[in-house]
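Notes to accompany the following structure.
Where a number appears in this text, it was derived from the coordinates with a stated rule and is not lab data. Everything numeric here is computed off the predicted structure, so don't read it as measured data. We place every Cβ from the backbone using ideal geometry, glycine too, and count neighbours over all the protein chains shown.
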Amino acid sequence: MTLNAEMALQAEQIPALGAIIQGAELVIPDGAGVVLYLRLKGERSQRCPGIELAASLLAKAGELGGDYPVVFYGGAVGVAATAAAKWQEKYPGLAIAAIQHGYLTPEDTPDFLEQLALIQPKIVLVGLGVPRQELWIAQHRHLCPQAIWIGVGGSFDIWAGVKTRAPSWLRDNNLEWLYRLYQEPWRWKRMLALPKFALRALISKN
Ligand code: UDP
């Protein structure tokens, strides 16, 4: 799980999401708000954006080749395929076992699930947005018990070049959210989660 403020607050409204976070094997601080919370609690913490964790996993899988098949699932039609092609170019040894866009019809879903069970990938990257991807993973991860399943949000869009990430000076100062707001201003309501979460973190400290 790549936890950020928005997800943590959503978990209050969606108990299933809360249970998934609680039951995850690994929860990393994806967002600035979670890092602030952990630091206020006296934990040494550093932001680890999900996109970077996923990229590290792909780099390792690229080294391990056929022993580490990966699946790209999510995004608009063609986006995961473009992202996969870029990764394949970078790591020719990377075994990309399946690519699936994120707008499957209910009729097409069983075929994809069957394919997953057959392939038994070692990494399944799911980019459907929060909380859809977390709920989907929780529902289907039993199909490939050996795999690392990770919700990657809009990472395929970034890798495919459909969207861009904040410049590193913003990322390094925990300000990636500001760039996101600039790039996608219609998200402002969703992004109120960050100050709301930060405020609650500060209050809970006292
Ligand atoms: N998406 C998808 N299927 C859906 C809804 C969304 O594949 O039914 C994709 C969408 O195309 C985008 C990603 O999910 O690539 C969500 O990206 P966003 O940056 O909003 O992720 P979040 O901020 O929720 O992590």
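Figures for the structure shown
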{"quantity": "Residue identified as within 21 Å of residue 46 (Cβ to Cβ) and basic (Lys, Arg) among 190, 171", "calculated": "171"}
{"quantity": "For residue 42: the one exception among (1) part of a loop (DSSP other than H, G, I, E, B); (2) crowded, with 17+ Cβ neighbours inside 10 Å; (3) not aromatic (Phe, Trp, Tyr)", "calculated": "(2)"}
{"quantity": "Leading residue by the ranking (nearest to the chain's Cα centre (by Cα)) among those in the stretch 157-174 that are within 20 Å of residue 29 (Cα to Cα) and within 16 Å of the ligand (Cβ to nearest atom)", "calculated": "158"}
{"quantity": "Tabulated pairs, the stretch 36-52, first within 16 Å of the ligand (Cβ to nearest atom), second charged (D, E, K, R), C-beta under 6 angstrom, 6+ apart or interchain", "calculated": "49/30; 50/30"}
{"quantity": "Listing of strands (runs of 3 or more DSSP E) fully contained in the stretch 88-206 that carry 3 or more residues being surrounded by 13 or more Cβ atoms within 10 Å (Cβ to Cβ) and β-branched (Val, Ile, Thr)", "calculated": "123-127"}
{"quantity": "Residue in the stretch 101-109 that is within 21 Å of residue 64 (Cα to Cα), touching a strand residue (DSSP E or B) at 6+ places or on another chain (Cβ under 6 Å) and not β-branched (Val, Ile, Thr) present", "calculated": "no"}
{"quantity": "Scan of the stretch 1-15 for residues that are farther than 18 Å from residue 150 by Cβ and surrounded by fewer than 21 Cβ atoms within 10 Å (Cβ to Cβ), ordered by number", "calculated": "9, 12, 13, 14, 15"}
{"quantity": "Filtered residue count, the stretch 74-86, keeping only those that are more than 20 Å from residue 28 (Cβ to Cβ) and crowded, with 19+ Cβ neighbours inside 10 Å", "calculated": "5"}
